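Structure record follows, encoded as structure tokens.
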Amino acid sequence: MPLFDLTDEELRTYRSASPEPEDFDAFWSKTLQEAREHDLDARFEPVDTGLTTVQVYDVTFAGFGGHPVKGWLTLPAGTEEPLPLVVEFVGYGGGRGLAHEHLLWASTGRAHFIMDTRGQGSAWGGGGGTPDPVGGAPSYPGFMTRGIDAPENYYYRRVFTDAVRAVEAARSHPLTDAARTVAIGGSQGGGITIAVGGLVPDLAGIAPDVPFLCDFPRAAVLTDRHPYREIGLFLKTHRGRSKDVLNTLAYFDGVHFASRGSAPALFSAALEDQTCPPSTVFAAFNAWAHEDKKIEVYDFNDHEGGGPYQEAAKLRWLRSYL
């Protein structure tokens with residue numbers, strides 16, 4: 001696919017037209033307060049994976065509504081002192097997978113926590129094991145329109161709350177250093193990372209790659225790829241509800257979380273990415289509030305973005321923050 005979005009110069013100055021709800025902060029403050037009324041109840045069960053260079057823990061903690069959410073905590077073998085912590089969120093349709101799928105960050109001498117995404121984990125990778133027990137109004141198949149009738153009911157309210165609680169759970173382990181915590185993720189995981197960066201004020205950094213869930217008003221009309229296309233197909237059936245849908249999505253738009261970002265950030269974008277178009281990524285990057293920010297741009301790549309090259313960029317970048 002040739003370049004289809006804004007020019008490089010336009011991307012660098014682009015600002016989203018997504019309207020920020022007046023009660024955005026109050027909505028999220030109340031949401032997190034309600035979640036914290038439930039005991040975090042973080043449990044770390046050692047797992048014999050057959051791996052000798054790492055120690056893996058099967059983690060369960062209370063997320064949104066007190067619902068049990070799964071994760072893996074992986075530490076370098078023989079860890080005795082608290083380590084810098086990398087908290088990772090996964091892409092659309094994936095889950096935490098199998099423990100041996102996630103060895104990179106522990107191999108750098110850091111603690112690594114990966115969160116299962118509720119209700120997902122059946123489209124790729126090694127699967128997931130966290131159900132989403134909350135129902136919702138009629139929706140288009142997928143996750144993008146589940147509960148889209150109101151912000152209180154929307155699927156990503158539960159996911160973003162789980163993600164904040166995941167950071168809290170990972171930090172609660174005695175061998176992780178809460179003061180040296182970064183959040184990372186690609187695609188959906190990148191969108192979740194941006195949300196966490198706007199909701200958790202004391203992170204050491206964030207690194208979202210080709211992030212999803214940003215600049216909904218533009219994304220929904222710019223690309224015909226899923227998952228954004230789920231929104232258009234829902235509205236194709238539910239005629240006349242565009243305003244209400246965009247009102248709900250505004251509470252979950254990465255652009256608004258980015259404007260509250262208080263940590264250094266390394267973003268990435270791919271200029272031929274039709275899944276998460278580059279202008280939607282730059283909308284969040286340009287809005288990111290912390291002055292220490294950088295974006296890696298991959299000119300001739302689609303949604304795979306930088307792949308291993310971006311992993312190498314993150315390894316170099318993290319040396320300054322962890």
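Accessible surface of the chain, 1.4 Å probe: 50 percent of it comes from carbon and sulfur atoms. On the principal axes of its alpha carbon atoms, segment 234-296 extends 43, 28, 10 Å, with the longest extent given first. Our helix-only sum for the chain, with -39,500 (n - 2.57) per DSSP H run of n ≥ 4 divided by its residues, gives a mean residue ellipticity at 222 nm of -9000 deg cm²/dmol.
Take THR13, THR130 and sort them by solvent-accessible surface of the protein heavy atoms, 1.4 Å probe, largest at the top.
On the way: THR13 100, THR130 5 Å².
If we order THR13, THR130 from most to least accessible, we get THR13, THR130.
Exposed loop sites here mean GluC sites (Glu not before Pro) with a DSSP loop assignment and at most 11 other beta-carbon atoms within 10 Å; the chain contains its longest site-free run at 81-290. Computed on the chain, with alpha-carbon pairs under 8 angstrom and 6+ residues apart, the relative contact order is 18 percent. Computed with every protein chain present, the accessible area of ARG36 is close to 120 Å² [probe 1.4 Å]. With N as its number of residues, the chain has a Cα radius of gyration that, divided by 2.2 N^0.38 Å, comes to 0.94. From the square roots a ≥ b ≥ c of the eigenvalues of the alpha-carbon gyration tensor of segment 210-256, which class results: rounded (a/c under 1.5), prolate (a/b over b/c), or oblate? Since a/c reaches 1.5 but b/c is at least a/b, the shape of segment 210-256 is classed as oblate. Going by the alpha-carbon gyration tensor, a ≥ b ≥ c the square roots of its eigenvalues, is segment 190-322 rounded (a/c under 1.5) or, if a/c is not under 1.5, prolate (a/b greater than b/c) versus oblate? It is oblate, given that a/c is not under 1.5 and a/b is not larger than b/c.
Loop-located chymotrypsin sites (Phe, Trp or Tyr not before Pro) in segment 262-315 (DSSP state other than H, G, I, E, B) with a sparse environment of at most 12 neighbouring Cβ atoms within 10 Å: PHE300. Per residue, the convex hull spanned by the alpha carbons of segment 13-154 comes to 171 Å³.
Taking every alpha-carbon pair under 8 Å whose residues sit at least 6 apart, segment 86-206 reaches a relative contact order of 29 percent. Take every Cα pair under 8 Å whose residues are at least 6 apart in sequence, average their separation, divide by the length of segment 169-319, and the relative contact order is 24 percent. Global size of segment 18-61: 18.4, 52 Å for Rg and Dmax (C-alpha atoms, Rg to one decimal, Dmax whole). Would you look at the GNM of the chain, springs on alpha carbons closer than 10 Å, and say which of HIS67, HIS226, HIS256 moves the most? Of the options given, HIS226 has the highest mean-square fluctuation.
With the simple model of a label 7 Å out from the Cα in the direction of the Cβ, ASP299 to ASP41 spans 5.4 nm. Accessible area per residue for the chain is 41 Å², calculated with a 1.4 Å probe on protein heavy atoms, without ligands, DNA or RNA.
Here the Gaussian network model covers the chain, with springs between Cα atoms less than 10 Å apart; of ASP39, ASP215, ASP116, ASP39 fluctuates the most.
The values are calculated or read from the model by the stated rules, or taken from the named source; none is laboratory data. These numbers were taken from a predicted model, which means no experiment stands behind them. FYI the Cβ positions are ideal-geometry reconstructions off the backbone, even for glycines, and counts take in every protein chain you see. Ligands, DNA and RNA are stripped out before the accessible areas are found, and what is left, the full protein with its side chains, is counted by its heavy atoms. Shrake-Rupley method; radii C 1.70, N 1.55, O 1.52, S 1.80 Å.
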